[in-house]
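Peer 1: There's a structure below that I have some questions on.
The values are calculated or read from the model by the stated rules, or taken from the named source; none is laboratory data. All of these numbers come straight from a predicted model, not from anything done at the bench. Here Cβ is always computed from backbone atoms with ideal geometry, including for glycine, and neighbour counts include all displayed protein chains. Accessible surface is based on the protein model in full, side chains and every heavy atom, while ligands, DNA and RNA are left aside. Shrake-Rupley method; radii C 1.70, N 1.55, O 1.52, S 1.80 Å.
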Amino acid sequence: MRSRATTAAVLLALLSLTPAATPAAERLAVLPWTSSGPPAPQLAWIGEDLPSYFGLILSAQAGIELLPRDQAAAVAAGWGPLDAPPGAEAVKLLAAAGARPAVAASFQAQAGSVRVQADLYPDAPGAAAPLHFSLNGKMAQLPALVSSLAEVVGEALTGRFARVLRPPLPAPPEFLVTRVEPSFGPRDPGENLTQSETFLRTALKIDPNNADAYGQLGTLYARYGMTEKALESFTTAVELSPNTARLHWNLGTVHYQQGKLEEALTEFLQSTVIDETFVDGFVALGALHRRLGDLEASQAALERAVKAGPANAPAHVALGVNAWLARDAATARALFEKARALDPRSAAASADLALLAWSEGNADVARKELERALAAEPSHPEALNNLGILEGERGSTDAAAERFKAALDAGAPRAAVLANLAGLQVQAGRVTEAEATFQRVLDIAPESVAARTGMGYIRLLRGRLAESVEALAGIREDSPAAALASYDLALAHQLGRNSQQALVHYLRALQNRRDLTPAHVNLGILFEAMGRPEKALTEYLKALSAATVAPELYTYLGQVYAQRGYLDMAEETIRKSTLVDPALPAPWFTLASGLEARDRAQAAAAWRQFLDAVRRDRNRAFWVPIAERRLAALEGGKP
């Protein structure tokens, strides 16, 4: 453990304030901070048993070292009101722990909005006057708000703008393809089970050898989830009429839904032997072979389905799904559109056309297609799930959650939908709920890479680096191509000052996903910390090739140019940051500092721009006297 004598700390006292509740108990944590070494933002989760949106990302420059719970509780008890300086007992305990700076913060939540208020005490034991901060935004923006708070705190303590690591990445939501599989269709909401069963039983009393009545009875039971009764009825129907293709299909479908694939295969094959034009039998065989991993056999069965039923829309959709899985988007689109032409109300065709639009980045078209699918089939499970994703993408958290719930009720794959819901909960800052949801996924599918990565991600957010490394490393071992797990694992190592391991895992992440721009940014920061500016330069340039670029990236690149002596390129590059976002203070600060020795007039102009930027942001008021002194020195002491 690092010596307390060389450790300063950032203390966060967290108080829950909501209109409908009395103030919750304070929660505290201490993060060490030292002035040595390059900037390396740290992550910490504050308040384990508060509502999950009480998370904080704090910038620090050393490994996370939380105060023991009993010490944190003692400081909390002696702190006093949040709007007053810390009490004498709290100051005494902080000083004994080696802490000097302290942050007291409160979060106020109301109607989906949140306000973060904080006081920074640069020297709590020395009774330094506090600096005040206040940030406002939507609840879903809370991680960004507290990250901003952390950056400002870091600036106030160090007097410099540190590079900010790109945060851990949650698994992307799974936009489900609508596979055409053997099914008895949705339950008729107007149907009465008892009345229908009585009617069919009466028919069987009149004619005990009525195979069709047994088939209808089996379908009724299957739609109500009465599997054993359905199986019994379908078996009797096949025995009574062994040469009826539809009855074999019925029996095969029940076996398929129970996971008895060999039995299902026998019945589906029998249905196509009895009737070589029985399209549903070939479609079912296509789905079964695909589920068994035999795509060649699946393709052959579906081609026979289309040949047997050239006007059958589901057969074209099923063949399109195979094309999509083979990464042939053009063929998939042609088949889905053909299915749409054959049946304009085909919910499956609309849902899969939405998938294509989503994959091409066209969310508006995807939404229209999904709404069309739901108009045709209100309980379409994949359409409900996918519309939930679109709602989440535009920040409608509650609406998205409702869609996911409806998708689960409609029979969508539970593991996939729950993983999507957990990702939405992380996005909304409800991390405790997300953790519970990811655990539900693991209870269903212990091998789920999305859920295992999500759990590692949450541990990383909470500053539990060792646990995060262990979890994410296990995923890397089991699934070498899991790029996001590699990325999060690399970040955990970077935060823990394990540069070599961070380097290895960033490179592995990029090997599997070359478009992972945040990995290039973090690699650049890592290479600078390792004293390899030429490598940092390469990574920043790669990050700049992305479609969306954070303006501060130009500043990072310009600083590396300056270190390498390319001063003109440095100035030109940093000025790009000011063009992208003139209100961003860091580029002006960097530009002004770099120009002081070369061009005093331009340096003074940059300092004036910096002053304008920080004066517009009351949370950065502490920069004003610093900039005014530098500007006065450049202008020969003029006020």
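Peer 1: Could you tell me which numbered condition residue 488 fails, if it satisfies all but one of (1) among the acidic types (Asp, Glu); (2) open to solvent by less than 70 Å² (accessible area, probe 1.4 Å); (3) not in a helix (DSSP H, G or I)?
Peer 2: Here residue 488 clears every test but (3).
Peer 1: Shifting gears a bit: Which one is most open to solvent (accessible area, probe 1.4 Å) among residues in the range 503-537 that are over 23 Å from residue 554 (Cα atoms) and more than 19 Å from the chain's Cα centre (by Cα)?
Peer 2: Across the range 503-537, the extreme among qualifying residues is 511.
Peer 1: How about the range 544-572: which of its residues are polar (S, T, N, Q) and under 21 Å from residue 519 (Cα atoms)?
Peer 2: 545, 548, 555, 559
Peer 1: Next up: Just name the residue that is least open to solvent (accessible area, probe 1.4 Å) out of those in the range 112-138 that are in a loop (DSSP other than H, G, I, E, B), over 23 Å from residue 428 (Cβ atoms) and at pLDDT below 85.
Peer 2: Applying the first criterion (in a loop (DSSP other than H, G, I, E, B)) to the range 112-138 yields 112, 122-130.
If we keep only those that are over 23 Å from residue 428 (Cβ atoms) as well, we get 122-130.
Add one more test, that the residue is at pLDDT below 85, and what stays is 122-125.
Working: 122: 49, 123: 42, 124: 11, 125: 46 Å².
Top of the filtered list is 124.
Peer 1: Among the listed residues 419, 401, 412, identify the single one that is open to solvent by less than 40 Å² (accessible area, probe 1.4 Å) and not in a helix (DSSP H, G or I).
Peer 2: Result of the check over 419, 401, 412: 412.
Peer 1: Here's something else I'd like to know. Would you mind telling me which numbered condition in (1) under 19 Å from residue 426 (Cβ atoms); (2) modelled with pLDDT of 90 or more; (3) of a type outside the set (A, V, I, L, M, F, W, C); (4) surrounded by fewer than 18 Cβ atoms within 10 Å (Cβ to Cβ) residue 467 fails?
Peer 2: Here residue 467 clears every test but (2).
Peer 1: Okay, moving on. Just give me the residues in the range 510-550 being within 13 Å of residue 163 (Cβ to Cβ) and of a type in the set (Gly, Ala, Ser), in sequence order.
Peer 2: Answer for the range 510-550, where residues must be within 13 Å of residue 163 (Cβ to Cβ) and of a type in the set (Gly, Ala, Ser): 524, 529, 536, 543, 550.
Peer 1: Follow-up. Among the residues of the range 440-468, what is the count of those that are more than 16 Å from residue 496 (Cβ to Cβ) and either of a type in the set (Val, Ile, Thr) or not in a helix (DSSP H, G or I) (or both)?
Peer 2: So the count comes out to 9.
Peer 1: In the range 215-334, which helices (runs of 4 or more DSSP H) lie fully inside it and hold 2 or more residues that are closer than 30 Å to residue 204 by Cβ?
Peer 2: Counting at least 2 such residues, we get 227-240, 245-257, 261-274, 279-291.
Peer 1: Please go through the range 350-368 and give me each residue that is assigned to a helix (DSSP H, G or I), open to solvent by 30 Å² or more (accessible area, probe 1.4 Å) and without any contact (Cβ under 8 Å) to a residue 60 or more places away in the chain, ordered by number. First the steps, then the outcome.
Peer 2: Going through the range 350-368, the residues assigned to a helix (DSSP H, G or I) turn out to be 350-359, 363-368.
So of that shortlist, the ones also open to solvent by 30 Å² or more (accessible area, probe 1.4 Å) come out as 358-359, 363-365, 367-368.
Residues satisfying the conditions are 363, 364, 365, 367, 368.
Peer 1: Any idea how many residues of the range 170-200 are out of contact with any Asp or Glu (no Cβ under 9 Å at 6 or more places or on another chain) and of a type in the set (Val, Ile, Thr)?
Peer 2: Of the residues in the range 170-200, 3 are out of contact with any Asp or Glu (no Cβ under 9 Å at 6 or more places or on another chain) and of a type in the set (Val, Ile, Thr).
Peer 1: Quick one: in the range 582-627, which of the residues that are among the acidic types (Asp, Glu) and under 25 Å from residue 135 (Cβ atoms) is least open to solvent (accessible area, probe 1.4 Å)?
Peer 2: Restricting to residues being among the acidic types (Asp, Glu) and under 25 Å from residue 135 (Cβ atoms), the top hit is 617.
Peer 1: Got a sec? Which of 444, 458 is open to solvent by less than 20 Å² (accessible area, probe 1.4 Å) and either touching a strand residue (DSSP E or B) at 6+ places or on another chain (Cβ under 8 Å) or not aromatic (Phe, Trp, Tyr) (or both)? Talk me through it step by step, then tell me what you get.
Peer 2: Numbers: 444 fails: open to solvent by less than 20 Å² (accessible area, probe 1.4 Å).
It is 458.
To keep it simple, each residue is scored yes or no on (1) surrounded by 19 or more Cβ atoms within 10 Å (Cβ to Cβ); (2) farther than 24 Å from residue 312 by Cα.
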{"residue": "187", "(1), (2)": "no, no"}
{"residue": "221", "(1), (2)": "yes, yes"}
{"residue": "267", "(1), (2)": "yes, no"}
{"residue": "270", "(1), (2)": "yes, no"}
{"residue": "282", "(1), (2)": "yes, no"}
{"residue": "295", "(1), (2)": "no, no"}
